[in-house]
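The values are calculated or read from the model by the stated rules, or taken from the named source; none is laboratory data. What you see is a predicted model; the values in this text were computed from it and never measured. Cβ sites come from the backbone with ideal geometry, for glycine too, and all protein chains shown count toward neighbours. Just the protein is used for accessible areas: all its heavy atoms, side chains included, with ligands, DNA and RNA removed. Shrake-Rupley method; radii C 1.70, N 1.55, O 1.52, S 1.80 Å.
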Amino acid sequence: MEGLWGWALAAAASGDWIASAWAAVRARAVAPALEAGVWVCLAMSVMLVVEVCYMSIVSFVAVKLLRRVPERRYKWEPMPVSSGSGKGGDEEAAVGGGEAYPMVLVQIPMYNEREVYKLSIGAACALTWPVDRIIIQVLDDSTDPFVKELVELECKDWASKNINIKYEIRESRKGYKAGALRKGMEHSYAQECDFVAIFDADFQPEPDFLLRTVPFLVHNPKIALVQTRWEFVNYDVCLMTRIQKMSLDYHFKVEQESGSSMHAFFGFNGTAGVWRVSAISEAGGWKDRTTVEDMDLAVRASLKGWQFLYVGDIRVKSELPSTLKAYRHQQHRWTCGAANLFRKMGPAIVRSKGVSVWKKFHLLYSFFFVRRVIAPILTFLFYCIVIPLSVMVPEVSIPIWGMFYIPTAITIMNAIRNPCSIHLIPIWILFENVMSMHRMRAALTGLLETTYVDEWVVTEKVGDQVKDKLEVPLLTPVKPTECVERIYVPELVVAFYLLLCASYDFVLGAGRYYLYIFLQAFAFLVLGFGFVGTTAPCSCP
């Protein structure tokens, strides 16, 4: 008995020693470093909330209050109706040939798009435009011989219906999408076109798409690009796609609208837009130096003095990634490419001549630094690392305005523009915080040009299976034990860290943040075990 009591006293003494040692290390090293990290994060939070409020106010006032719609800001007249029969649309809107209609090239880049190639080609061939003034160009980079044969047969089938469609392939996939678009513009028939409309393989424009967009370019010679809004055919497939829709709706309603209204500039979305061919040439054409060739071209064209126009009333059907793996790859490409473009274009923006200081400031600070660097880094660093760690370091306190007021303001700005999805806002916050881990890593990869900076993984698509095989509940377990690929170790590591911090706060800490940290840990666990999205075929044997 005495031996047991002595062991207990020794253990208690040892515990006191460990606690004392941790307190000393905490006070001398951890607390100062964490304090500095807190104030850096708070400074970035202020920059981000100011940017979000500015964009939200501009987009709301310009569109909702002042009704500064594109048709009122720029000249727009309908294309003249001539005799003859048109493709797609009703008989009253049918158009025939005529020099009044500019030559339009429609480019459809694709890569092994077995599920959606018919949808995109069919929609492009149904566009209402004189048959002798439009060329459909299918840029097929497929590596699967069977898929290539299917796409070529589809093009031949439309060609037999008197549609001017070209099936183009190249020897290698060098430059990925940018390389395909650049190669497509080198053909003699493409160089004779005035405008080029670009649609990814899963995009399906309405027949009147060109009739509604091209007049802006015809009557306003300073406009280089008309960007339209995306509409999602599978947004209600699962909870993950609904959250994606919320984020992308905010992007179009706020970011694109405010950029178009205030600066006549925004980042090209890579699809569902119409470019002036002369603007592409003047800007230097398509470049494959980053994975965001669309943003690259937009920035270079803007520095040449060209203006961009976003038309939110025109929507083009598309598909959202429905598996977590596909969504992660997409977000890495978008985030990494944008940060890497900032690294490459920053000096050129500063040195550019003929561009106002205000425009340079907007590009460098607002468009790139705050939105493409600070936003992805801050979200994970502050809300998933610094705040949870602060519960174990009582010497460091976080002001309530940084902990509560700023994130609440950002959330309200998003909720206002997504009233139909306001009930999903809490889940949206947790999901976006988890994804911020990958966005931060991608942003740092782009800034530092480390491994995977040029990684390009084509987003998986399901096409017509959206209606047939993906009707699943909002949250469907995918039985991760059946396949190791569905277990994501980084998420599980962060979940363990958050659980540790939350437990400490609940048992030994002040008990201020444990509820939030537990919820965030649960979100990381759910994604770490693959309990989101739709069931994807498993490649494991």
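What the table below lists for this structure:
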{"quantity": "Over the range 169-278 - Rg/Rh using Cα atoms and the Kirkwood inverse-distance radius", "calculated": "1.00"}
{"quantity": "Nonlocal amide H pairs with residue 230, under 5 Å, H built at 1.01 Å", "calculated": "316"}
{"quantity": "From phi via Karplus (6.51, -1.76, 1.60), per-residue ³J(HN,Hα) for the range 40-51 in Hz, x at Gly/Pro", "calculated": "5, 5, 5, 4, 5, 4, 4, 4, 5, 5, 4, 5"}
{"quantity": "Mean separation of Cα contacts under 8 Å (6+ apart) over length of the chain, as relative contact order %", "calculated": "17 percent"}
{"quantity": "Rel. contact order, % - alpha carbon contacts under 8 angstrom, at least six apart, the range 135-291", "calculated": "29 percent"}
{"quantity": "Formal net charge of residues neighbouring residue 377 (Cβ-Cβ distance under 13 Å; K, R +1; D, E -1)", "calculated": "+4"}
{"quantity": "Beta bridges per DSSP with both ends in the chain, % antiparallel, nearest 5", "calculated": "25 percent"}
{"quantity": "Furthest towards positive pole of dipole, 158, 510, 262, structure part the chain, Cβ charges", "calculated": "262"}
{"quantity": "For the range 157-201 and the range 223-284, distance of Cα centres in Å", "calculated": "22 Å"}
{"quantity": "Degrees between helix 324-351 axis and first principal axis of the chain (Cα, 0 to 90, nearest 10)", "calculated": "80 degrees"}
{"quantity": "Backbone HN-Hα couplings from phi across the range 397-402 [Karplus 6.51/-1.76/1.60, Hz, Gly and Pro as x]", "calculated": "10, 9, x, 5, 5, x"}
{"quantity": "Acute angle (nearest 10 degrees) that the helix 145-159 long axis makes with the longest principal axis of the chain, alpha-carbon atoms", "calculated": "40 degrees"}
{"quantity": "Largest-first ordering by accessible area, 1.4 Å probe, given options 173, 67, 372", "calculated": "67, 173, 372"}
{"quantity": "Set 148/287; 64/461; 64/222 screened for pairs whose C-alpha atoms are more than 30 Å apart", "calculated": "64/461"}
{"quantity": "Over 15 Å [Cα-Cα, the range 267-347], rounded percent", "calculated": "63 percent"}
{"quantity": "Check: the range 297-449 dipole with +1 on Lys, Arg Cβ and -1 on Asp, Glu Cβ, in debye", "calculated": "840 debye"}
{"quantity": "Neighbour net charge for residue 446 - beta-carbon separation under 12 angstrom, K R +1, D E -1", "calculated": "+4"}
{"quantity": "The range 317-446, relative contact order in percent, only Cα pairs under 8 angstrom and at least six apart counted", "calculated": "51 percent"}
{"quantity": "Angle between the chain longest axis and helix 293-303 axis [Cα atoms, degrees, rounded to 10]", "calculated": "80 degrees"}
{"quantity": "Computed accessible area, residue 40, all protein chains, 1.4 angstrom probe, square angstrom", "calculated": "80 Å²"}
{"quantity": "Simple Cβ-charge dipole of the chain, Lys/Arg +1 and Asp/Glu -1, about Cα centre, in debye nearest 20", "calculated": "1560 debye"}
{"quantity": "Rounded to the nearest 10 Å², the accessible area of residue 345 at probe 1.4 Å", "calculated": "10 Å²"}
{"quantity": "Largest to smallest accessible area among 118, 344, 183 [probe 1.4 Å]", "calculated": "118, 183, 344"}
{"quantity": "Alpha-carbon Rg with Dmax, taken over the range 290-447, Å", "calculated": "18.2, 54"}
